[in-house]
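> Okay, here's the structure, questions in a sec.
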Amino acid sequence: MTITLNVNGKNVQVDVQPNETLLDVLRNKLYITGPKEGCGNGECGACTILYNGKVVNSCLVLALEADGAEILTIEGLTKDGRLHPIQEAFIEENAFQCGFCTPGFVISTKALLDRNPNPSNEDIIEALAGNLCRCTGYQTILKAVKRAAEKLGVEK
Amino acid sequence: MREKYVGKPIPRVDAYEKVTGTAVYVTDMFFPRMLYGAVLRSPHPHAKIKKIDVSKAKALEGVAAVVTSKECPYRQGIYLVDRPIFATDRVRYVGEPVAAVAAESMEIAMKALELIEVEYEPLPAVFDPLEAMKGEVLIHPDLASYERLPIYNIEPEKNVFHHHKTRKGDVEKGFKEADYIIEGEYSLPQIYHAPLEPHGAIAFYDFNGNLTVWSSAQSPYTLRNLIAHAFKMSRHKVRVIAPYVGGGFGGKAGINMEGIVIALAMQVPGRHVKLIYSREEDIMATVVRQGMYAKVKAGVKKDGTLVAWEETMVFDGGAYAEYGTNVVRAAGYTTPGPYYVPNIKVDSYGVYTNHLVGGAFRGFGHGELHWAVERHMDKIAKTLGMDPLELRLKNVLRPGHTNAMGQKMHEHTGNVEACLKKAADLIGYGEKPEQPKDRVKRRGRGIAALVKAPAMPTNAASSVVIKFNEDASVTLQVSIQEIGQGFNTAITQMAADALHISPDKIKVVFPIDTDANPYEWQTVASRALWTVGNALYRAAEDALSQIKNIASQVLGVAPYNLEVEDDRVYIKYDPEVYIPLKDIVMGYTYPDGHAIGGPVIGRGSFVPERLTNLDPETGQGNAAAEWTFGAEAAEVEVDMETGEVKILKLVGVFDAGRVVNPMIAAGQIIGGMVQGMGPALFEQITYTDDGKPISISFTDYKIPTIADMPDEMIADFVETPEATSPFGVRGIAEHPMISVPPAIASAIYDAVGVDINDLPVTPEKILKALKEKHS
Ligand code: FES
Ligand code: FES
């Protein structure tokens with residue numbers, strides 16, 4: 001079956017199998033490798049993408065169902081080679097170590113700040129509770145989200 | 001060392017790649033005509049393999065290769081060669097590889113696995129290491145015949161793969177001098193590393209018999225060595241390329257699952273085979289941390305002075321020894337941790353069971369040993385009616401003391417007393433925490449100390465090559481892996497100071513490629529900045545002396561009258577006279593065209609100085625190169641109705657010698673402390689009664705999430721420069737995980753007056769203890 005996706009602003013057509021996940025199609029067929037597979041089971045958030053503006057675990061979405069969907073992955077965040085303020089904030093706060101969880105955290109942060117530009121600690125914790133990180137201990141991630149909110153606030 | 005960049009919180013050199021999702025991990029690599037691998041695993045914890053029939057799988061369209069122990073009859077192991085790549089005559093744990101398939105797609109590979117027929121005859125299994133030591137079930141009947149490093153002491157009839165002995169002073173005499181003899185038992189279960197990136201590797205075997213392996217590997221060179229050893233190949237025929245590692249924590253050290261994909265690739269020369277483990281496979285079939293049971297007997301004077309320490313540690317090593325041999329040894333030679341005791345007798349046993357395979361995990365035996373030691377220190381304090389911190393301060397290792405292996409402590413060895421005092425200050429030790437209005441919830445504070453040296457062979461070597469480019473920029477070649485710890489950034493800062501040039505003129509060569517980068521033993525043991533720092537210092541001296549030698553000929557002054565700074569080499573006593581560095585580093589060309597010198601390449605090698613093996617009967621000797629001390633403290637709130645524990649605050653203070661990058665170092669401490677919270681409160685590999693692992697997903701094996709984060713976490717340092725490092729550095733990366741569990745347990749006692757001695761400290765255990773206390 002052929003489906004059409006809009007990935008990071010570009011339309012693509014791709015052949016998919018009935019049991020293939022959106023994550024598999026992105027990674028193995030479109031070579032969009034920013035979203036990672038940490039569990040394949042909706043438990044870790046490494047595969048987080050924006051799907052029609054909503055935050056989802058792409059390992060839980062069947063590719064067939066995604067026909068026509070608009071998708072944003074970490075690759076779509078940089079514009080003209082420039083980092084997104086969320087990405088800058090992650091660097092400034094040292095909010096990653098091995099980096100495997102980072103694409104998921106950055107996208108979850110984007111989803112949060114899109115709907116709530118001024119989140120409290122509790123809001124951040126709630127929004128990121130589905131993203132696992134084994135390296136950082138989360139402290140710097142929390143700070144990075146706050147810093148990103150400030151940056152985006154100033155930009156507006 | 002003149003410091004300009006060391007000590008500064010400069011941003012990570014891998015930052016852009018990692019926040020843009022462009023950092024490449026093995027799983028992100030694709031090759032033309034690549035095949036996909038999948039593995040058939042044992043459903044039994046212990047069974048004989050009667051028959052394997054792969055004919056149907058082989059016949060399936062799209063299957064390129066099927067491999068079993070018939071095609072790949074090799075064993076692997078870092079210190080003891082006991083682990084077959086594919087189970088041969090028997091399986092020893094649930095999840096052990098029995099056969100593997102390479103196919104045109106993952107789907108076909110999975111289908112092929114279903115077509116493989118294996119006939120098993122179940123054998124009696126043993127899961128408790130104390131039970132296993134009785135030897136009624138032998139897991140490795142041929143243990144005595146396995147190849148091993150002679151420093152490891154096997155006891156084949158007891159399933160023991162290493163028995164480590166420490167005998168210092170006279171423990172019986174010590175007990176006679178003691179006013180109190182205090183005994184205790186402590187335990188902890190197997191736990192899982194849970195790196196967010198599961199293990200993965202790609203192998204390619206060409207028609208010249210050259211093998212290339214891309215692996216998520218902490219130890220590219222040791223991996224190469226162990227592959228070549230297992231497959232009986234010459235080292236130069238094996239090439240390991242290691243891109244970014246998505247978290248290792250010890251689990252990706254040495255050799256792991258690479259042998260499987262190599263065996264497949266050897267069947268299909270000219271084609272890449274990729275094998276990425278699922279989360280379930282990663283938990284079941286890589287390595288976990290050993291479980292441990294400890295029995296302690298301490299002799300103490302009335303004033304709290306420790307005079308004797310006797311301890312038996314029994315490690316649940318699982319089905320194969322892996323790094324367990326050295327885990328058991330390190331725990332054996334470090335106990336009783338950061339305290340001075342004149343008379344010590346320790347027996348540390350690594351025991352085979354039919355559990356998942358135990359391996360290296362951040363802290364390597366020290367999380368285990370400190371759980372017992374620090375819990376027991378609290379028990380001693382309670383018995384004596386002494387404050388636990390006071391008891392610790394009374395007994396810490398100080399200059400002039402000897403540790404368990406008889407090494408003398410010096411001023412420059414590090415300062416555990418300062419760490420304890422700082423941690424106590426930061427947690428508010430001694431003041432009563434403000435109690436919540438809700439009488440059901442009580443708060444308390446606790447503190448624990450720790451010490452760890454790199455657990456490594458006496459000759460664990462490092463090397464560095466510094467290549468100057470035409471414009472006087474530098475490429476730095478080293479084979480320590482960037483596993484998230486920030487090595488590439490820190491070594492850039494150190495190289496900038498060693499070479500007197502700016503860090504943005506330096507690139508660390510990455511990914512690591514054993515065909516190009518120089519030798520490095522492994523990225524383990526918190527030793528990288530220390531060991532590579534030494535090699536780097538020598539390489540920089542070598543490069544600088546080449547530069548000065550060329551410049552001395554041109555300028556007509558002695559090399560020692562020259563100095564290198566940023567982009568020039570100048571005369572010290574007349575700094576305006578200089579030559580641009582770029583005119584020197586490829587050799588100097590005079591105006592008439594004749595040239596001298598040549599490209600500047602600095603070379604530095606290092607092996608630890610003056611280390612020795614330990615005496616097999618007494619464990620005395622010089623096996624540790626440098627020691628890092630630390631102290632950790634916790635404030636908790638316990639709900640006496642539910643038994644639930646909330647960690648309110650964690651503090652970690654470490655004597656780092658010299659902090660190279662305070663931002664990255666603090667990240668290691670905060671991350672390590674949170675990684676210690678999991679095993680303290682809930683992490684544990686669980687099994688069914690018949691030995692099948694249950695906790696094989698993130699639903700059943702929970703790790704801390706952002707919602708578990710304490711309200712406050714503080715990382716701090718003491719800096720007693722390390723004399724064996726030209727930069728004064730020592731390791732801190734593993735240490736933050738080590739004493740979090742005992743600090744939390746101590747805080748729980750402070751809050752509600754119950755002592756839990758078996759990890760994890762679950763609500764059920766707290767409720768049970770509270771009930772016993774009140775009845
Ligand atoms: S890979 Fe999708 S949630 Fe883990
Ligand atoms: S940075 Fe390694 S898992 Fe988050």
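The values are calculated or read from the model by the stated rules, or taken from the named source; none is laboratory data. None of these values were measured; they are calculated from a predicted model. Quick reminder, even Gly has a Cβ in these numbers, built from the backbone with ideal geometry, and neighbours come from all protein chains shown. Each accessible area value is taken on the protein alone, full model and side chains, heavy atoms only, with ligands, DNA and RNA left out. Shrake-Rupley method; radii C 1.70, N 1.55, O 1.52, S 1.80 Å.
> Going by what's in this entry, would B:L356 be described as surrounded by 24 or more Cβ atoms within 10 Å (Cβ to Cβ), in a loop (DSSP other than H, G, I, E, B) and of a type in the set (A, V, I, L, M)? Explain how you work it out, then say what you get.
Numbers: surrounded by 24 or more Cβ atoms within 10 Å (Cβ to Cβ): yes; in a loop (DSSP other than H, G, I, E, B): yes; of a type in the set (A, V, I, L, M): yes.
The answer is yes for B:L356.
> Within the stretch B:731-743, is even one residue open to solvent by 50 Å² or more (accessible area, probe 1.4 Å), touching a strand residue (DSSP E or B) at 6+ places or on another chain (Cβ under 6 Å) and more than 14 Å from every other protein chain (Cβ to nearest Cβ)? Don't jump to the end; show me each part of the working.
Applying the first criterion (open to solvent by 50 Å² or more (accessible area, probe 1.4 Å)) to the stretch B:731-743 yields none.
Scanning the stretch B:731-743 turns up no residue that is open to solvent by 50 Å² or more (accessible area, probe 1.4 Å), touching a strand residue (DSSP E or B) at 6+ places or on another chain (Cβ under 6 Å) and more than 14 Å from every other protein chain (Cβ to nearest Cβ).
> Next question. Any idea which residue in the stretch B:471-494 is farthest from B:F249 (Cα to Cα), counting only those that are within 14 Å of chain A (Cβ to nearest Cβ), hydrophobic (A, V, I, L, M, F, W, C) and in contact (Cβ under 8 Å) with a residue 60 or more places away in the chain? Before you say what the answer is, go through the steps one by one.
Initially, the stretch B:471-494 is screened for residues within 14 Å of chain A (Cβ to nearest Cβ), giving B:481-490.
Narrowing further to those that are hydrophobic (A, V, I, L, M, F, W, C): B:483, B:487, B:490.
Imposing the further condition that a residue be in contact (Cβ under 8 Å) with a residue 60 or more places away in the chain reduces the set to B:483, B:490.
Working: B:I483: 8, B:A490: 19 Å.
Among residues in the stretch B:471-494 that are within 14 Å of chain A (Cβ to nearest Cβ), hydrophobic (A, V, I, L, M, F, W, C) and in contact (Cβ under 8 Å) with a residue 60 or more places away in the chain, the one farthest from B:F249 (Cα to Cα) is B:A490.
> When you go through B:T589, B:T618 one by one, which is the residue that is more than 30 Å from B:D655 (Cα to Cα) and touching a strand residue (DSSP E or B) at 6+ places or on another chain (Cβ under 6 Å)? Break it down into steps so the answer makes sense when it comes.
Working: B:T618 fails: more than 30 Å from B:D655 (Cα to Cα).
Sole residue among the options that is more than 30 Å from B:D655 (Cα to Cα) and touching a strand residue (DSSP E or B) at 6+ places or on another chain (Cβ under 6 Å): B:T589.
Condition check ((1) within 12 Å of chain B (Cβ to nearest Cβ); (2) within 15 Å of A:A89 (Cα to Cα); (3) open to solvent by 20 Å² or more (accessible area, probe 1.4 Å)) across all residues:
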site	(1), (2), (3)
A:S120	no, no, yes
A:L128	yes, no, no
A:N131	yes, no, no
A:C135	yes, no, no
A:V145	yes, yes, no
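> Determine if the stretch B:176-197 includes at least one residue that is assigned to a loop (DSSP other than H, G, I, E, B), closer than 26 Å to B:A64 by Cα and either more than 16 Å from ligand 2 (Cβ to nearest atom) or not hydrophobic (A, V, I, L, M, F, W, C) (or both).
Filtering the stretch B:176-197 down to residues assigned to a loop (DSSP other than H, G, I, E, B) leaves B:178-179, B:189-190, B:192-197.
Okay, now just the ones that are also closer than 26 Å to B:A64 by Cα, so none.
Scanning the stretch B:176-197, I find no residue that is assigned to a loop (DSSP other than H, G, I, E, B), closer than 26 Å to B:A64 by Cα and either more than 16 Å from ligand 2 (Cβ to nearest atom) or not hydrophobic (A, V, I, L, M, F, W, C) (or both), so the answer is no.
> Would you say B:F86 is in contact with a helix residue (DSSP H, G or I) (Cβ under 8 Å, 6 or more places away or on another chain), at pLDDT 95 or above and within 14 Å of chain A (Cβ to nearest Cβ)?
Working: in contact with a helix residue (DSSP H, G or I) (Cβ under 8 Å, 6 or more places away or on another chain): yes; at pLDDT 95 or above: yes; within 14 Å of chain A (Cβ to nearest Cβ): no.
When the stated conditions are applied, B:F86 does not pass them.
> So, one more: Which ranges mark the helices (runs of 4 or more DSSP H) fully within the stretch B:40-137 that have 2 or more residues being among the basic types (K, R)? Before the answer, list the steps.
Details: elements: B:55-59, B:106-114, B:129-132.
By residue number, B:55-59.
> Being assigned by TED's automatic domain parsing to the domain that holds B:I738 and at positive phi, is that true of even one residue in the stretch B:347-360? Reasoning before the result, please.
Going through the stretch B:347-360, the residues assigned by TED's automatic domain parsing to the domain that holds B:I738 turn out to be B:347-360.
Now drop any that are not at positive phi, which leaves none.
Taking every residue of the stretch B:347-360 in turn, none turns out to be assigned by TED's automatic domain parsing to the domain that holds B:I738 and at positive phi.
> Give the number of residues within the stretch A:26-48 that are aliphatic (A, V, I, L, M) and within 16 Å of ligand 2 (Cβ to nearest atom). Spell out how you get there, then give the answer.
Step one: list which residues in the stretch A:26-48 are aliphatic (A, V, I, L, M), which gives A:26, A:30, A:32, A:46.
From what is left, the residues that are within 16 Å of ligand 2 (Cβ to nearest atom) are A:46.
So the count comes out to 1.
> Right, here's the next one. Being within 10 Å of chain B (Cβ to nearest Cβ), open to solvent by 40 Å² or more (accessible area, probe 1.4 Å) and more than 12 Å from ligand 1 (Cβ to nearest atom) is the filter here; which residues of the stretch A:1-28 pass it?
Taking the stretch A:1-28 as the starting set, the residues that turn out to be within 10 Å of chain B (Cβ to nearest Cβ) are A:17, A:19-20, A:24, A:27-28.
Remaining after also requiring open to solvent by 40 Å² or more (accessible area, probe 1.4 Å): A:17, A:19, A:24, A:28.
Matches in the stretch A:1-28: A:Q17, A:N19, A:N28.
> So for the stretch A:58-68 (the condition being within 24 Å of B:Y16 (Cα to Cα) and more than 13 Å from ligand 1 (Cβ to nearest atom)), does at least one residue qualify? Step through it out loud before you land on a result.
Applying the first criterion (within 24 Å of B:Y16 (Cα to Cα)) to the stretch A:58-68 yields A:58.
Filter once more, so that each one left must be more than 13 Å from ligand 1 (Cβ to nearest atom): none.
Checking the stretch A:58-68: not a single residue is within 24 Å of B:Y16 (Cα to Cα) and more than 13 Å from ligand 1 (Cβ to nearest atom).
> For B:F249, state whether it is within 16 Å of ligand 2 (Cβ to nearest atom), among the aromatic types (F, W, Y) and open to solvent by 10 Å² or more (accessible area, probe 1.4 Å). If you could, list the steps in order and put the result at the bottom.
Numbers: within 16 Å of ligand 2 (Cβ to nearest atom): yes; among the aromatic types (F, W, Y): yes; open to solvent by 10 Å² or more (accessible area, probe 1.4 Å): yes.
Spelling it out, B:F249 is indeed within 16 Å of ligand 2 (Cβ to nearest atom), among the aromatic types (F, W, Y) and open to solvent by 10 Å² or more (accessible area, probe 1.4 Å).
> Which one of the conditions (1) open to solvent by 10 Å² or more (accessible area, probe 1.4 Å); (2) touching a strand residue (DSSP E or B) at 6+ places or on another chain (Cβ under 8 Å) does B:I748 fail to meet, given that it meets all the rest?
(1)
> Another question, if that's okay. Could you identify the single residue in B:K582, B:K572 that is in contact with a strand residue (DSSP E or B) (Cβ under 6 Å, 6 or more places away or on another chain) and not hydroxyl-bearing (S, T, Y)?
Details: B:K582 fails: in contact with a strand residue (DSSP E or B) (Cβ under 6 Å, 6 or more places away or on another chain).
None of the other options fit; the residue is B:K572.
> Right, here's the next one. Report, by residue number, each residue of the stretch B:495-525 that is away from every other protein chain (no Cβ under 14 Å), part of a loop (DSSP other than H, G, I, E, B) and buried (at least 19 other Cβ atoms within 10 Å of the Cβ). Outline the logic, then answer.
Step one: of the stretch B:495-525, the residues away from every other protein chain (no Cβ under 14 Å) are B:495-509, B:512-522, B:524-525.
If we keep only those that are part of a loop (DSSP other than H, G, I, E, B) as well, we get B:500-502, B:509, B:514-519, B:521-522, B:524-525.
The answer is B:I501, B:T514, B:N517, B:P518, B:W521, B:Q522, B:V524, B:A525.
> Could you run through the stretch B:40-64 and say how many residues are under 25 Å from B:I255 (Cα atoms) and open to solvent by less than 10 Å² (accessible area, probe 1.4 Å)?
Summing the residues that are under 25 Å from B:I255 (Cα atoms) and open to solvent by less than 10 Å² (accessible area, probe 1.4 Å) in the stretch B:40-64 gives 3.
> Please find, among A:E70, A:E75, the residue that is more than 14 Å from chain B (Cβ to nearest Cβ) and in contact with a strand residue (DSSP E or B) (Cβ under 9 Å, 6 or more places away or on another chain). Full working, then the answer.
Values: A:E75 fails: more than 14 Å from chain B (Cβ to nearest Cβ).
Answer to the selection: A:E70.
> While we're on this one: Among the residues of the stretch B:230-253 satisfying the criterion of being over 19 Å from B:L264 (Cβ atoms) and not in a loop (DSSP other than H, G, I, E, B), which is farthest from the chain's Cα centre (by Cα)?
Restricting to residues being over 19 Å from B:L264 (Cβ atoms) and not in a loop (DSSP other than H, G, I, E, B), the top hit is B:H236.
> I've got another one for you. Given the criterion open to solvent by 30 Å² or more (accessible area, probe 1.4 Å), of a type in the set (F, W, Y) and away from ligand 1 (no atom under 14 Å from the Cβ), identify the matching residue among A:Y51, A:Y31.
On the way: A:Y51 fails: away from ligand 1 (no atom under 14 Å from the Cβ).
Residue meeting the stated conditions: A:Y31.
> Right, another one. Is it true that A:N116 is at pLDDT 95 or above and at the interface with another protein chain (Cβ under 10 Å from one of its Cβ atoms)? Break it down into steps so the answer makes sense when it comes.
On the way: at pLDDT 95 or above: yes; at the interface with another protein chain (Cβ under 10 Å from one of its Cβ atoms): no.
Considered against the rule, which asks whether it is at pLDDT 95 or above and at the interface with another protein chain (Cβ under 10 Å from one of its Cβ atoms), A:N116 comes out as no.
> Can you name the residue in the stretch A:60-75 that is more than 16 Å from ligand 2 (Cβ to nearest atom) and under 12 Å from the mean Cα position of the chain (by Cα) and is also surrounded by the fewest Cβ atoms within 10 Å (Cβ to Cβ) among such residues?
The first filter runs over the stretch A:60-75 and keeps only residues more than 16 Å from ligand 2 (Cβ to nearest atom), leaving A:60-73, A:75.
Next, only the ones that are under 12 Å from the mean Cα position of the chain (by Cα) stay: A:71-73, A:75.
Values: A:I71: 24, A:L72: 20, A:T73: 24, A:E75: 18.
Taking the candidates together, the pick is A:E75.
> On to the next question. Can you find a residue in the stretch B:675-690 that is away from chain A (no Cβ under 14 Å), among the acidic types (D, E) and surrounded by fewer than 23 Cβ atoms within 10 Å (Cβ to Cβ)?
Yes, that holds for at least one residue.
> Out of B:A178, B:A125, B:A132, B:A144, which single residue is touching a residue at least 40 places away in the same chain (Cβ under 8 Å), open to solvent by 10 Å² or more (accessible area, probe 1.4 Å) and within 30 Å of the chain's Cα centre (by Cα)?
On the way: B:A178 fails: within 30 Å of the chain's Cα centre (by Cα); B:A132 fails: open to solvent by 10 Å² or more (accessible area, probe 1.4 Å); B:A144 fails: touching a residue at least 40 places away in the same chain (Cβ under 8 Å).
Of B:A178, B:A125, B:A132, B:A144, the one residue that is touching a residue at least 40 places away in the same chain (Cβ under 8 Å), open to solvent by 10 Å² or more (accessible area, probe 1.4 Å) and within 30 Å of the chain's Cα centre (by Cα) is B:A125.
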